[in-house]
Amino acid sequence: MADSATAQEFDVLVLGGGSAGYAAALRAVQYGMTVGLIEKAKLGGTCLHWGCIPTKAYLHAAEVADETRHSEKFGVNATLESVDMAKVRDYKDGIVAGKHKGLTGLMKMKKVQVVEGEGKLVSQDEIEVDGARYKGKNIVLASGSAF
């Protein structure tokens, strides 16, 4: 285990890479701070990967199907034959992947150091991840939701 004297230090250390965590990280960078962000799963968290964004993609596909069923009222003659759920999932996966790639690139561009692994707050200014310690002058706990 890393000694706290050798812990990597940041002005701001964020535990959780979901919506609140990455927003806090980006805001800290705007103020010229060094930032570390710890995420145990995927950068973007529940909202991006399993919640808000996938749900909106599915809702959009449903709206397209519904508009097709009622297209005559707009002077468009179309029929809804079926919904191919495999293609709807591919559509959703493409949106999620694109947003994840963009967020990952933004973190790199803004020089936020993303640490992958499950973090544990071990003191008022340290978080441990897989035996390594990270120190923050300021700690933001943005551990989010459980699904």
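The values are calculated or read from the model by the stated rules, or taken from the named source; none is laboratory data. As the structure is a prediction and not an experimental result, all values here were calculated from the model. Quick reminder, even Gly has a Cβ in these numbers, built from the backbone with ideal geometry, and neighbours come from all protein chains shown. Note: accessible area is taken over every heavy atom of the protein model, side chains too, but ligands, DNA and RNA are not part of it. Shrake-Rupley method; radii C 1.70, N 1.55, O 1.52, S 1.80 Å.
What about residue 102, is it in contact (Cβ under 8 Å) with a residue 40 or more places away in the chain, open to solvent by less than 90 Å² (accessible area, probe 1.4 Å) and under 23 Å from residue 14 (Cβ atoms)? It would help to see each step written out before you state the result.
Working: in contact (Cβ under 8 Å) with a residue 40 or more places away in the chain: no; open to solvent by less than 90 Å² (accessible area, probe 1.4 Å): yes; under 23 Å from residue 14 (Cβ atoms): yes.
No: the conditions fail for residue 102.
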_Residue match in segment 72-93 (condition: open to solvent by less than 40 Å² (accessible area, probe 1.4 Å) and more than 18 Å from residue 19 (Cα to Cα))_ = yes
*Among (1) over 15 Å from residue 143 (Cβ atoms); (2) among the β-branched types (Val, Ile, Thr); (3) under 15 Å from the mean Cα position of the chain (by Cα), which single condition is residue 64 missing?*
(3)
*Under the condition of being at pLDDT 95 or above, farther than 21 Å from residue 112 by Cβ and of a type in the set (Gly, Ala, Ser), which residue from segment 27-62 is least open to solvent (accessible area, probe 1.4 Å)?*
57
